[in-house]
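Take a look at the structure below.
The values are calculated or read from the model by the stated rules, or taken from the named source; none is laboratory data. Because the structure is predicted, anything quoted here is derived from the model rather than measured. Cβ atoms come from the backbone with ideal geometry, glycine included; neighbour counts cover every protein chain shown.
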Amino acid sequence: VKRTDVFGEDNVPSIENLAEGLKSGKYKRIVVLTGAGVSVAAGIPDFRTPGTGLYDNLEKYNLPHPTAVFDIDFYKKNPSPFVMLASEIWPGRHLPTLTHAFLKVLDDKGLLLRNYTQNIDGLEVIAGVKEESVIECHGHFRTARCTSCKSPMSIDFVSKSIIEDGVPPICSKCGGIGKPDIVFFGEDLPNVFHNNINRDCRQADLLIVIGTSLAVQPVASIPEFVSDSVPRVLLNREHVGGWDRSDYNYRDVFVSGNCDDSVEKLCGMLEWSDELKAAYESV
Ligand code: CNA
């Protein structure tokens, strides 16, 4: 691939050339990597935004460090902080954002090869993105299991224990502590991630990264997994992940600001505004 083939005739990585490529049908197998930022407008705080992020608001849990609340070894010894937090963040009270609607538009057009989401709020599928188009890299709250013997546990039992009784759910088989199937620090990602990531990255012809600090591995390395000829677009409030800003940059675009504003702008350029609005209002 000649570098000039990557991003338009003038070889300038820009949102205009991205829109041009989408319009002309150049990009048909898009991988979108999302993080907590895409759900902030839904009212769910992210982790790392100073002030409003969850990590700055955990004093009441008296943790040794903020990530301890999602650390598997810490949870087994001291489940109370997660039990308290889980009842606050349990899905069911929030609606998808315009950025989730954008994912649905891409999916409906057959352009979304996969959405790799780090989020555990389930808003992608609620927005209408097909289940097989989404890989929830850090799990979800729809199922649960024991942290010791790994036996499945009823999610109704686990949610009642956590939300109504405020106590950790105890496994009836071994007496271990249960938790919803969200991935804690110290746990492996679900098989569905490992089974698809290499093929999807090989096949991708465009990568769009939205609302993530790219701080958690292995997901943070997805931008390194796509081929050198694949344009990479970052829609985020801050510059993250060493997005290439050098003079030699031939494929990285950074669109700064709130992602909902950025997808609205992009959809405007693509004449997809009506479809975006319809997808957003369909929920
Ligand atoms: P993070 O580390 O908190 O980073 C969020 C990023 O998004 C930061 O770079 C912000 O600047 C940026 N951001 C925040 N709001 C916006 C916005 N409106 N538009 C554009 N950018 C914005 O979160 P990551 O997802 O990178 O970290 C991975 C963790 C966070 C995963 O394991 C998740 O499970 C976890 N998490 C998920 C949720 C959720 O499911 N909604 C909420 C909070 C944390």
Q) Which of the residues spanning the range 44-57 are of a type in the set (D, E, K, R), over 19 Å from Asn115 (Cα atoms) and within 6 Å of the ligand (Cβ to nearest atom)? A) Arg48
**Q.** Condition check for Gly139: in contact (Cβ under 8 Å) with a residue 40 or more places away in the chain, small (Gly, Ala, Ser) and surrounded by 14 or more Cβ atoms within 10 Å (Cβ to Cβ)
**A.** yes
Q. Of a type in the set (D, E, K, R), more than 16 Å from the ligand (Cβ to nearest atom) and out of contact with any strand residue (DSSP E or B) (no Cβ under 6 Å at 6 or more places or on another chain): does that describe Arg237?
A. no
**Q.** Scope the range 188-225; condition crowded, with 16+ Cβ neighbours inside 10 Å and under 18 Å from Asp71 (Cα atoms); matching residues
**A.** Leu189, Pro190, Val216, Val219
(Q) Based on this model, can you work out whether Glu124 counts as in contact with a strand residue (DSSP E or B) (Cβ under 9 Å, 6 or more places away or on another chain) and either of a type outside the set (Gly, Ala, Ser) or touching a residue at least 40 places away in the same chain (Cβ under 8 Å) (or both)? (A) yes
Q: Evaluate the range 213-226: report whether one residue or more is on the phi > 0 side of the Ramachandran plot and either modelled with pLDDT under 95 or within 18 Å of the chain's Cα centre (by Cα) (or both).
A: yes
Q. Looking at the range 253-275, is at least one residue in contact (Cβ under 8 Å) with a residue 60 or more places away in the chain, exposed (fewer than 15 other Cβ atoms within 10 Å of the Cβ), within 18 Å of the chain's Cα centre (by Cα) and within 16 Å of the ligand (Cβ to nearest atom)?
A. no
Q) Taking helices (runs of 4 or more DSSP H) that fall entirely within the range 45-131, which contain at least 3 residues that are more than 27 Å from Leu207 (Cβ to Cβ) and at pLDDT below 95? A) 80-89
(Q) Among the residues of the range 151-159, are any among the aliphatic types (A, V, I, L, M), farther than 22 Å from Met84 by Cα and either assigned to a loop (DSSP other than H, G, I, E, B) or without any contact (Cβ under 8 Å) to a residue 40 or more places away in the chain (or both)? (A) no
Q: State whether the residues of the range 106-125 include one that is of a type in the set (Lys, Arg), within 26 Å of Ser273 (Cα to Cα) and surrounded by fewer than 22 Cβ atoms within 10 Å (Cβ to Cβ).
A: yes
(Q) Need pairs with beta-carbon distance below 8 Å; first residue within 17 Å of Phe74 (Cβ to Cβ) and within the range 182-197, second aliphatic (A, V, I, L, M); sequence gap 6+ or separate chains. (A) Ile182/Ile120; Val183/Leu189; Phe184/Ile72; Phe185/Ile72; Gly186/Ile72; Glu187/Ile72
**Q.** Enumeration of residues in the range 98-150 that are within 25 Å of Glu264 (Cβ to Cβ), out of contact with any helix residue (DSSP H, G or I) (no Cβ under 6 Å at 6 or more places or on another chain) and small (Gly, Ala, Ser)
**A.** Gly110, Gly122
Q) Which residues, taken from the range 27-43, are outside any loop (DSSP other than H, G, I, E, B) and either among the basic types (Lys, Arg) or more than 8 Å from the ligand (Cβ to nearest atom) (or both)? A) Ile30, Val31, Val32, Leu33
Q: Identify, by number, the condition in (1) touching a Pro at 6+ places or on another chain (Cβ under 7 Å); (2) of a type in the set (A, V, I, L, M); (3) within 16 Å of the ligand (Cβ to nearest atom) that Leu206 doesn't meet.
A: (3)
Q: Tell me, please, whether a residue that is in contact (Cβ under 8 Å) with a residue 40 or more places away in the chain and buried (at least 19 other Cβ atoms within 10 Å of the Cβ) can be found in the range 239-249.
A: no
Q | Output for the range 71-93, where each listed residue is surrounded by 16 or more Cβ atoms within 10 Å (Cβ to Cβ) and farther than 20 Å from Lys60 by Cα | A | Pro91
Q. Out of curiosity, is Val230 at pLDDT below 95 and either within 16 Å of Leu18 (Cβ to Cβ) or hydrophobic (A, V, I, L, M, F, W, C) (or both)?
A. yes
